[in-house]
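Here is the structure we will look at, set down as structure tokens.
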Amino acid sequence: MFIPNKTFNAMRVGVLGLIATLILVIAGESVLFVKMQQDNRVVLDSLTVRVAQIAQATNTRLVQTNSRQNGTEENVINLNKLLETQAVLITQLQDATARTQVSVDKLLKNECTPETAIYVLTRDMVAVCRSLGVQP
């Protein structure tokens with residue numbers, strides 16, 4: 001088959017143009033790929049730095065929370081000891097109050113007898129004796 005010179009040259013120019021275009025496209029895609037890799041590396045580095053910062057902040061907060069929890073536990077233990085001590089003191093005070101009340105009742109009964117009433121009792125004491133049901 002015979003191809004004229006002009007057609008052959010046109011085909012050759014077309015093929016060379018196509019090859020040149022493909023080389024340009026491949027070179028452009030290579031440049032874009034390299035640029036995208038660099039951008040991705042920068043983003044990945046910044047994300048790595050951010051994750052490290054967040055991890056450090058989280059660890060710091062965890063340590064702070066742990067120390068606050070330990071302090072709270074210590075305060076609760078101290079409060080529990082204080083409450084136990086107060087419970088013992090309240091029981092002792094109740095016993096002392098009951099004994100004092102018994103002594104006061106005995107004393108009032110002894111003071112409210114008619115023999116002592118005329119010498120010792122004031123008006124207020126007479127009123128107390130009457131409230132106890134004793135007529136001095």
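Every number in this text was worked out from the coordinates using simple rules, so none of it is lab data. Predicted model, so just to flag it, every value in this text is computed and none were measured. Don't worry about glycine lacking a Cβ; one is built from the backbone with ideal geometry, like all the others, and counts go over all protein chains shown.
Worth pointing out:
- Net charge over other residues, Cβ less than 15 angstrom from the Cβ of residue 101 (K, R count +1; D, E count -1): +1
- Global form of the range 5-131, assessed from the alpha-carbon gyration tensor, a/c cut-off 1.5: prolate
- Since only 83, 98, 56 are under comparison, the one whose Cα sits farthest along the positive direction of the charge dipole of the range 5-131, derived from C-beta charges on Lys, Arg, Asp and Glu, is 56.
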